[in-house]
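**Student:** Just dropping this structure here.
The values are calculated or read from the model by the stated rules, or taken from the named source; none is laboratory data. Worth saying up front: this structure is predicted, and the values here are computed from it rather than measured. With ideal geometry, Cβ positions are generated from the backbone for all residues, glycine too; neighbour counts draw on all protein chains shown.
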């Protein structure tokens, strides 16, 4: 123990927490504590609360009123107890929302959410918000299925816990909180939600079907009609959202999972399932604001490797070899096993070499039929062995793929600079004479 003269903290001491995780017993208590903690901090730190509620259509009220375990009577006389409620008022506008929360591996129930939608409609509320570890692409996408007629007067929204943690981290680290005490409270919420005992751990693994699907894809026996394939494709979709939110936490900017416009999550899962059966591959594209290009991610279960890549536009005002050298100069610290692929206009064929070989043989990247043809773009790809295990520990698919994506972005993508044309330059000659030096013009009256 430290003495009064030596009060330095000792290794292993745990800091006192505003929201302790000790003593959580069972799923029900975990959910009650998570609900009350989140709603209380939304009221205590309005900058964070409004950041979460903005996209749900809530007005920016002076005070965010939050309540836990609110009770209602349903139309058939049964007592209904949603986990919480949120009320925001601004002027004559009043917005009310019921909240249903699940933690750990518990999933939201269709009939429970449907009942809360009925209660919200009968009481003139605006929305129902569900929160769980199920990750969706946006708050408008929900992991439950309900009768669409119930959504005519009441909106249904969904947040994953990982999305809430991301919003809290971005608010704390990047946007900032004006009041120091409120900033500390928000940091305590982050510490609580990131603790395993809170049940708000985000994406856990690829599911119990991962190992048999991985093996079937490797053997070439997987079929698109196999229900296990669809389950793994759905888990991949959640993992990509989890990865994008994780990057957002570290960058302070919203990272987007790029998908075809108008495509629903279910349609994406069907497309991924077909790709998984036909080629053994799962793919995704993440867009970081301001980055030189999108981050492409491909997991090949047949080759048992994960590939990360980025495509960079070539300069517009250089000859062919100079354009390639422009790129290679930016790759001085990149790994030699990075593959450099060169795309040419009006040509399907590309040229490609590993970076270590390209540095010694730039001509090998020129277009063989026409070495003077100028490159249009470059694709840089790094392949690594795929993690095999379930879970999130080292050597697992989730951990290894996340590490590869973060490293590829941090070591390569964020360091690349797009080409920009040089500013027009004055000719190297004597400047024009000033007006004072110019000869006077004699005006002859008419």
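**Student:** For residue 182, state whether it is over 30 Å from residue 287 (Cβ atoms), assigned to a helix (DSSP H, G or I), in contact (Cβ under 8 Å) with a residue 40 or more places away in the chain and in the same structural domain as residue 95 (by TED's automatic domain parsing).
**Tutor:** yes
**Student:** In addition: For segment 70-100, how many residues meet the condition of being part of a strand (DSSP E or B) and either surrounded by fewer than 18 Cβ atoms within 10 Å (Cβ to Cβ) or touching a helix residue (DSSP H, G or I) at 6+ places or on another chain (Cβ under 8 Å) (or both)?
**Tutor:** Residues in segment 70-100 being part of a strand (DSSP E or B) and either surrounded by fewer than 18 Cβ atoms within 10 Å (Cβ to Cβ) or touching a helix residue (DSSP H, G or I) at 6+ places or on another chain (Cβ under 8 Å) (or both): 17 in total.
**Student:** What is the residue count in segment 84-126 for residues that are under 25 Å from the mean Cα position of the chain (by Cα) and either under 24 Å from residue 62 (Cβ atoms) or free of Cβ contacts under 8 Å to residues at least 24 places away in the same chain (or both)?
**Tutor:** Count: 1.
**Student:** For segment 248-360, list the strands (runs of 3 or more DSSP E) that sit wholly inside it and hold at least 3 residues that are within 26 Å of the chain's Cα centre (by Cα); which are they?
**Tutor:** Output list reads 281-287, 295-300, 305-313.
This table checks each residue for (1) at pLDDT below 95; (2) assigned by TED's automatic domain parsing to the domain that holds residue 179; (3) touching a strand residue (DSSP E or B) at 6+ places or on another chain (Cβ under 8 Å); (4) surrounded by fewer than 15 Cβ atoms within 10 Å (Cβ to Cβ).
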| residue | (1), (2), (3), (4) |
| --- | --- |
| 36 | no, yes, yes, no |
| 45 | no, yes, no, no |
| 48 | no, yes, no, no |
| 51 | no, yes, no, no |
| 54 | no, yes, no, yes |
| 58 | no, yes, yes, no |
| 64 | no, yes, yes, no |
| 68 | no, yes, yes, no |
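**Student:** Restricting the first residue to segment 219-236 and requiring it to be part of a loop (DSSP other than H, G, I, E, B), which pairs with a second residue that is at pLDDT 95 or above meet a Cβ separation below 6 Å and a spacing of at least six or different chains?
**Tutor:** These pairs meet every condition: 222/216; 222/229; 222/277; 223/277; 224/273; 224/274; 224/277.
**Student:** On the given criteria, is residue 103 surrounded by 18 or more Cβ atoms within 10 Å (Cβ to Cβ), in the same structural domain as residue 125 (by TED's automatic domain parsing) and assigned to a strand (DSSP E or B)?
**Tutor:** no
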